[in-house]
Amino acid sequence: ADTLNPATWENQFTNCLAHAMHGRLTEIAANGDLVGEVAETWEHSSDAKTWRFILRQGLTFHNGQSVRPDDVAASLNYHRDPDVASAAQPLLKDITDLTVDTDGITIRLLNGNADFPFLLADGHLVVVPSSEGKIDPNAEIGCGAYRLDRFDPGVVAKFSRYEGYWDDNRGFFDSVEIRASVDPAGRQAALLTGEVHAIDRVPLDTFELLRQAPGVAVMEVAGTQHFTFPMQCDVAPFNDPEVRRALKCALDRQDLLARILRGHGTVGNDSPITPANRYYNDEMPAAEYDPDRARHHLKKAGYDRLSLTLSVADAAFQGAVDAAALYRENAAAAGIDITVDRVPSDGYWTNVWRNRPWCASYWGGRTTEDSMFSEVYQSGVPWNESDWSNERFDALLLQARAETDVSTRRTLYFEMQDIVRRDGGSVIPLYANYVFARRDSVATPAEIGSNWTLDGSRCIERWWFA
């Protein structure tokens, strides 16, 4: 949602806003390494159950108030509150105790978690001022490189550089404006005319024209982004795994890759873990278009034919409407009749996603397997977009989280990906490259982050005018 409440952030507009004005304990660097942001150093017990974070000295919020361990604790505890229903709550679910001292905080976990500092780099887990152990979730004050000057939800956010920011190698623009736009053609036109300096989600059907345009630089990185068609597993007929398997066999992914992504990505394998992830399972059989096999699964579910409605808008991902039309054509050969329900892009994430039995969606992915699985695939978490639940998967998730042996973790994550591929509630046909563009008057570092579009959503603080 386009609000200042960090528990609700879910799109690129709020991602960029969050990284411009806020800080977190840790940060994913452009090369994928974990570095300190609000925290300068950290250490852990041998069982990875106790973590101590030492805060960076001299940090201040935009109102001049010092960043204290109490603020960090209150900010994290806000997301732990079940009444808040934060998207980040699953990441903090294992915290049993959180204590502060003069220099930092100590966090104790129910289960060991070798990746815990990576989780604290999640975009929602920003540090904001607190009073008596509570935060104002809609506060306009952060400790990032930019101070918020104006915020019109779903329209625009304006910032000015915060002179008290701790890092001299960040925040080179005097002021920044973020505009929300669900119109790909409008975004491209604004870039071509120089009305804006950068855009995300470049329209792939005009990629070559934009690449050849004077004054424009198109950028592309292979990351963890993937497109999905989540099915509500608690709603018939999607509660039958045979129906889900039929739908996974009823889509020509190679055709989708060529027509929707124009080759800017790879074929997905119904798992959210992509080749960019550390423990990507490259041993699973590749997903293939097989109408006969789809009919086999339908018959096992008790259907000769099946009629379904797929709700889509290009707000879900660029080309989602066309992808749904191709899906309809492919599935017909398997005895599956898909009605494409084209809905407005405005309000899609509020009115359609998580509210319709079958829809289109996308994910920027996460740096670690645990983060992706914990936020979206663990039973009962707020962002489990298919309401899928699998006991074996949940047990493996806890086991892999605490495991410090690399070989054993690899084995566990490989099995989890295979479970999701075979049983999961989402058809994941494409792993999509991040494709974005800037005016050549804007300069970038040599290495660009691949954990999210626009340099890990940190273009505002990392880029500068040439």
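Nothing in this text is a laboratory measurement; each read-out follows from the coordinates by a stated rule. Worth saying up front: this structure is predicted, and the values here are computed from it rather than measured. Quick reminder, even Gly has a Cβ in these numbers, built from the backbone with ideal geometry, and neighbours come from all protein chains shown.
Some observations on this one:
- Between segment 263-283 and segment 388-466, the C-alpha centres lie 9 angstrom from each other.
- If you plug the beta carbon distance of D341 and S181 into 1/(1 + (r/R0)^6) with R0 = 22 Å, you get a FRET efficiency near 0.40.
- Residues K300, K248 arranged by fewest to most Cβ contacts within 10 Å: K300, K248
- Note on D83 and S66: the extension gain reaches 3.3 nm, defined as 0.36 nm multiplied by sequence separation minus the Cα-Cα distance.
- Linear extension gain, A189 paired with T411, 0.36 nm per residue minus alpha-carbon span: 75.2 nm
- Between segment 143-174 and segment 180-227, the alpha-carbon center distance in angstrom: 23
- Residues in segment 194-208 that a label on A443 would reach, taking backbone N under 20 Å of a point 7 Å out along Cα→Cβ: 197-199
- Straight-distance crosslink candidates among lysines, where the alpha carbon sits under 18 Å from K93 and sequence neighbours closer than 8 are dropped: K49
- Chain lengthening between Q399 and A213 when straightened (0.36 nm per residue, less Cα-Cα): 61.9 nm
- Charge context of S345, other residues only, Cβ under 11 angstrom, K/R +1, D/E -1: -2
- Here the relative contact order of segment 66-207, from alpha carbon pairs under 8 Å that lie six or more residues apart, stands at 16 percent.
- Positive contributions from Lys and Arg (+1) and negative ones from Asp and Glu (-1), summed over other residues with Cβ under 10 Å from the Cβ of V218, come out at 0.
- Proxy reagent accessibility, fewest Cβ within 10 Å first, across S371, S379, S86, S46: S46, S379, S371, S86
- At most 13 other Cβ within 10 Å, DSSP loop - chymotrypsin sites (Phe, Trp or Tyr not before Pro), segment 154-201: none
- Approximating the spin labels as points 7 Å out from Cα along Cα→Cβ, the R305-to-D168 distance works out to 7.3 nm.
- Candidate cross-link partners of K299 among the lysines, defined by an alpha-carbon separation under 26 Å and a same-chain spacing of 8 or more, comprise K248.
- Charge context of D455, other residues only, Cβ under 13 angstrom, K/R +1, D/E -1: -1
- Solvent-free Debye calculation, one equal scatterer per alpha-carbon of segment 189-341: log10 I(q)/I(0) at 0.10, 0.13, 0.16 Å⁻¹ equals -0.44, -0.70, -0.96.
- Rounded to the nearest 10 degrees, the inclination of helix 291-300 to the longest alpha-carbon principal axis of the chain is 90 degrees.
- Counted by neighbouring Cβ atoms within 10 Å, the residues T350, T368 run from fewest to most as T350, T368.
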